[in-house]
Amino acid sequence: FERILSLHEQYGVPANLNISGTLLESIAWYRPGFLKRVRSLYDRGLLEIVGSCYAQNIMRFFSYNHNLAQLNEQLFLYERHLGIDARNIKVFWPPERVWDTDHIAPVLRDPRLLNGGYRFVLVDDRVLLPGGVNSPRSEYDNDRRWRKEMFQAWQIRNSHGLVALPIATTLRECLPPRDPQHWERLEAQFDWLSEQKSTSLVGIYADDFEKPAAVGWDDRGPAQFAAFLDRLTRRDDLTAVRLSAWAVPERVAGVRTIEPGTFFELAHEFGAGENYD
């Protein structure tokens, strides 16, 4: 993990990082120097801390008060072990990226949270689309055709003002780049984003930190990720951002109903269904 953060420092590319509460406590016991490294990058503007649930429980199956406790425990640990004011943590990572507006949004906006309530939530781009058989979501799963709406921030209807930030499927599937086809798709994605000539579009790579760090994944991950960062910084038509700094109100495209959903593999290949039932 530290090697990947060092790469972000080397190339001057900001990162947006969630560390689960249970992992944060383990690091505090066994590798406290890593937390000092994280805080140093945060102070230099190269890292945004992303919140989540302490033990990564799937929120829609738990009570409101249990979820509230999970959220506050995570925020408390960030304050205790990183010395970061919880009020500055405004982006939320849903455990297993399972989203359900009715169950999750109210507690994310609860003023009793140590951060006063979250403002943004990361959701997979496909979740922006209505689901069901022969639905826009299923069509997108099949054709993966890029469209502006999938790269914009949207206020979630009936969420008390919460804003959805879409995770780009192409980036998630192609990073770290393992083969020439990944590089081709990445360059095509970047070219397409650049051609739109809009600062209101964002391509978000969000996945397990273990993936580029090669923890249980391909051992070549760090070198592949370094090659990606090197190529990214050579493009003067793209800018890497911290999420909450980018997602100012004027970049929110509008209000959108977002139905329950998760990432494609979990919903289909792993057989969990859109809402993890």
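The values are calculated or read from the model by the stated rules, or taken from the named source; none is laboratory data. Computed from a predicted model, the values in this text were never measured in an experiment. Positions of Cβ are backbone-derived with ideal geometry, glycine not excepted, and every protein chain shown enters the neighbour counts. Remember, those area values only see protein heavy atoms, side chains included, never the ligands or the DNA or RNA. Shrake-Rupley method; radii C 1.70, N 1.55, O 1.52, S 1.80 Å.
Before moving on, here are some points about what is shown:
- In the set Leu24, Leu46, only one residue is more than 26 Å from Tyr276 (Cβ to Cβ) and not β-branched (Val, Ile, Thr); that residue is Leu46.
- Scanning segment 246-262 for residues that are aliphatic (A, V, I, L, M) and surrounded by 15 or more Cβ atoms within 10 Å (Cβ to Cβ), we see that the one that is farthest from Pro94 (Cα to Cα) is Ala253.
- Members of segment 226-245 that are within 17 Å of the chain's Cα centre (by Cα) and either within 19 Å of Asp179 (Cα to Cα) or open to solvent by less than 20 Å² (accessible area, probe 1.4 Å) (or both): Leu243
- Meets criteria (at pLDDT 95 or above, farther than 30 Å from Val107 by Cα and either loosely packed, with under 13 Cβ neighbours inside 10 Å or not hydrophobic (A, V, I, L, M, F, W, C) (or both)) for Glu149: no
- Residues of segment 7-40 satisfying the condition of being in contact with a His (Cβ under 7 Å, 6 or more places away or on another chain) and farther than 17 Å from Ala206 by Cβ: Leu24, Ala28, Leu35
- Filtered by the rule that a residue be among the basic types (Lys, Arg) and closer than 15 Å to Arg242 by Cβ, segment 187-207 gives no residues.
- Count of segment 6-34 residues which are under 25 Å from Leu71 (Cα atoms) and in contact with a strand residue (DSSP E or B) (Cβ under 9 Å, 6 or more places away or on another chain): 6
- Looking across segment 173-182, the residues that are open to solvent by 20 Å² or more (accessible area, probe 1.4 Å) and in contact (Cβ under 8 Å) with a residue 12 or more places away in the chain come down to Glu173, Arg178.
- Scanning segment 184-218 for residues that are in contact (Cβ under 8 Å) with a residue 40 or more places away in the chain, farther than 20 Å from Leu5 by Cα and open to solvent by 40 Å² or more (accessible area, probe 1.4 Å) yields Trp192, Gln196, Ser198, Thr199.
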